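As structure tokens, the structure follows; a few thoughts come after it.
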Amino acid sequence: MEQRHLGRTGLRVSRIGLGTLTWGRDTDEHDAADLLKTFWEAGGTLVDTADVYGDGEAEYLLGRLIEGLVPRRDLVISTKAGSVPDPDRRFDGSRGHLLSALDDSLARLGTDYVDVWHIHAFDPSTPLEESLQALDLAVSSGRARYAGVSNFCGWQLAKAATWQLTAPGTRTRLASTQLEYSLLQRGVEREVLPAALDLGIGMLPSSPLGRGVLTAKYRNSTPPDSRGASEHLAPFVAPYLDDTASRIVDAVRTAADGLAVTPLQVALAWVRDRPGVAAPVIGPRNAQQLTAALSVEALSLPDEICRALDDVSAPVHRYPDHDWSTL
């Protein structure tokens, strides 16, 4: 698998990442082992997790697998901290919480460092510079090699990155940002992606297949073994089952038919090769789904297909994102 630099850093990652959102909950140890081994054998390196995935079980499971299945040195492990199961405070970006969460993640993973550590979300109750200082301490102590943020909007990302570049002392440059990005969700193109491109921050798109909808499997009905049929994941899929999404899925199917590939391959290739994207993170349920996704490695979409998909999925971006004199 082709490797790409993560933002303006020397770290290289596989241009497809393996996500572990369902590990330890919907994905058991046997399936997780098959996924990790298949991914590694295909040349994949980037494995993304978080301290809250499966209430910590995803990290624990990944740690058990890298102990005996895949060499630690062959993986780029990314994890996140800052989300908390508190109905009154969804995010805790305090320095104390973040650093404690990192230590807990390292213990579950069975490693003394992670390659990339992300603040999971912006915490309006904590001064941003305090949250960012946790990243600096994590890197300076060797517990994290690189740092990034997740689910930051445009101004939050620009403020965080600028602070890290200009504040006094030794600061850790932001390497990456992780947000949802697909043909069904192009909101990051409004401000986040332009900021990331300008600041040299690598984009790690989550849900690049539109929460599974872009595979076209929901076009006529909801498969009984799909996430859309799962009681706890159905609300996650539901927003992308509307008429707008249906038109985009039909366009993806048309493109796939013309190229003699699958809708999954078209949708994943589109987001993988967008400017600023380092590696979309996919969350297959089993090795069969993963193998189907990894087959995109040999596919590059023709320019005319990209333009057609851009047009049919174009979000409404007007003032002030476009030149005001043309409006």
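The values are calculated or read from the model by the stated rules, or taken from the named source; none is laboratory data. Note that the coordinates shown come from a computational prediction; the quantities given were computed from them, not determined experimentally. Glycine gets a Cβ as well: all are built from the backbone with ideal geometry, and neighbour counts include every protein chain shown. All accessible areas refer to the heavy atoms of the entire protein, side chains included, with ligands and DNA or RNA removed. Shrake-Rupley method; radii C 1.70, N 1.55, O 1.52, S 1.80 Å.
The table below lists the values:
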{"item": "The range 45-109-the range 249-327 distance, computed between alpha-carbon centres (Å)", "result": "29"}
{"item": "Net charge contributed by nearby residues that have their C-beta within less than 14 Å of S226 (K/R +1, D/E -1)", "result": "+2"}
{"item": "Formal net charge of residues neighbouring V116 (Cβ-Cβ distance under 11 Å; K, R +1; D, E -1)", "result": "0"}
{"item": "Percent RCO, i.e. relative contact order, over the range 1-160, from Cα pairs under 8 Å lying at least 6 residues apart", "result": "18"}
{"item": "Solvent-accessible area per residue, Å², over the range 101-197 with all protein chains present [probe radius 1.4 Å]", "result": "38"}
{"item": "Amide H contacts of G17 (H built 1.01 Å from N, under 5 Å, at least 5 apart or other chain)", "result": "V281, I282"}
{"item": "Carbon + sulfur, % of accessible area of the range 4-126 - ligands and nucleic acids excluded, 1.4 Å", "result": "45"}
{"item": "Under 13 Å, Cβ to Cβ, from D310 - net charge with Lys/Arg +1 and Asp/Glu -1", "result": "-2"}
{"item": "Cα-centre dipole for the range 169-327 with unit charges at Cβ (Lys and Arg positive, Asp and Glu negative), debye to 20", "result": "420"}
{"item": "Exposed-site-free run, longest, the chain (rule: GluC sites (Glu not before Pro); DSSP loop; at most 14 other C-beta within 10 Å)", "result": "3-230"}
{"item": "Of A279, A255, A196, the one that fluctuates the most in a GNM where the chain has Cα springs shorter than 10 Å", "result": "A255"}
{"item": "Mean Cα-pair separation over length for the range 214-287, i.e. relative contact order, pairs under 8 Å, 6 or more apart, %", "result": "28"}
{"item": "Rounded to whole Hz, the Karplus (6.51, -1.76, 1.60) HN-Hα couplings of the range 127-135, x for glycine and proline", "result": "x, 4, 5, 5, 4, 5, 5, 4, 4"}
{"item": "The chain: calculated mean residue ellipticity at 222 nm from DSSP helix runs of at least 4, using -39500 (n - 2.57)", "result": "-11500 deg cm²/dmol"}
{"item": "12 Å Cα-Cα reach of K159 towards aspartates and glutamates, excluding residues that sit fewer than 8 places from it in its own chain", "result": "E129"}
{"item": "Accessible-area ranking of H97, H118, H5, largest first, probe 1.4 Å", "result": "H5, H97, H118"}
